[in-house]
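Starting off with a structure, shown below.
The values are calculated or read from the model by the stated rules, or taken from the named source; none is laboratory data. None of these values were measured; they are calculated from a predicted model. Cβ: placed from backbone, ideal geometry, glycine included. Neighbour counts: every protein chain shown. In case anyone asks, the SASA skips ligands and DNA or RNA and just uses the protein heavy atoms, side chains included. Shrake-Rupley method; radii C 1.70, N 1.55, O 1.52, S 1.80 Å.
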Amino acid sequence: MTIALDLSLSFATFSLLSVVSEKEAGVQDSYVKKKKSRSKRRSIYCPIHNCYLDSVSRKYGLFAAEPSQLQSRGMRLATAQMVINTHTTVSLQGEWLEAFWCDSCQTTTWYHVRNTDNRVYEVSLASDELWQSVGGVIHPNGNPSVGEFTRMSAKMTGYQGLKAFNTIC
């Protein structure tokens, strides 16, 4: 059994094929452009070793609760006082705390990151003062409103914990 195929193309068929190939070329061009315009890795480098830092935590945004914090970031004192009196706390855009892994040190360190320009970052070690203005973080020394007895008894578990309560009663 043989099948005869007509491989001759008419002008209308040829023009239709050329339009499809132009569309395909356009799709391929846009694919290449999208591939090139994908976001790049954040260029955050170790301030000590000048090597690339890998993020190992989420970003913890900073908040200002005092006018002096806003004033140190370039806001006039009167404006800063008005903003704090109105909103109590203000989110600081472009500033956060984040943990990074340094390959040279082989350690994880918390840094204060500032996004100064488009894809330009300033990195400095996170101070204890900055941790006080971060949202969504557990206090390192526990809840300050909990008393010493409650904190100690919460650490005691098992039979020894029951003995501590019996001596009080």
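Being within 16 Å of L130 (Cβ to Cβ) and touching a helix residue (DSSP H, G or I) at 6+ places or on another chain (Cβ under 9 Å) is the filter here; which residues of region 74-94 pass it?
Selection gives V90, L92.
Filter region 87-107 for residues that are open to solvent by 50 Å² or more (accessible area, probe 1.4 Å) and within 18 Å of the chain's Cα centre (by Cα); which is nearest to E66 (Cα to Cα)?
Within region 87-107, the match that is nearest to E66 (Cα to Cα) is S91.
Of all residues in region 108-149 being among the β-branched types (V, I, T) and open to solvent by less than 50 Å² (accessible area, probe 1.4 Å), which is farthest from H49 (Cα to Cα)?
Across region 108-149, the extreme among qualifying residues is V134.
Give me the pairs, please: first residue somewhere in region 118-136 and more than 21 Å from R41 (Cα to Cα), second residue anywhere and among the aliphatic types (A, V, I, L, M) and surrounded by fewer than 16 Cβ atoms within 10 Å (Cβ to Cβ), beta-carbon distance under 8 Å, and either six or more positions apart or on two chains.
Note: pairs meeting the criteria are W131/V137; S133/A65.
Can you tell which of S57, S68 is open to solvent by 60 Å² or more (accessible area, probe 1.4 Å), at pLDDT 85 or above and of a type in the set (G, A, S)?
So the residue among S57, S68 that is open to solvent by 60 Å² or more (accessible area, probe 1.4 Å), at pLDDT 85 or above and of a type in the set (G, A, S) is S68.
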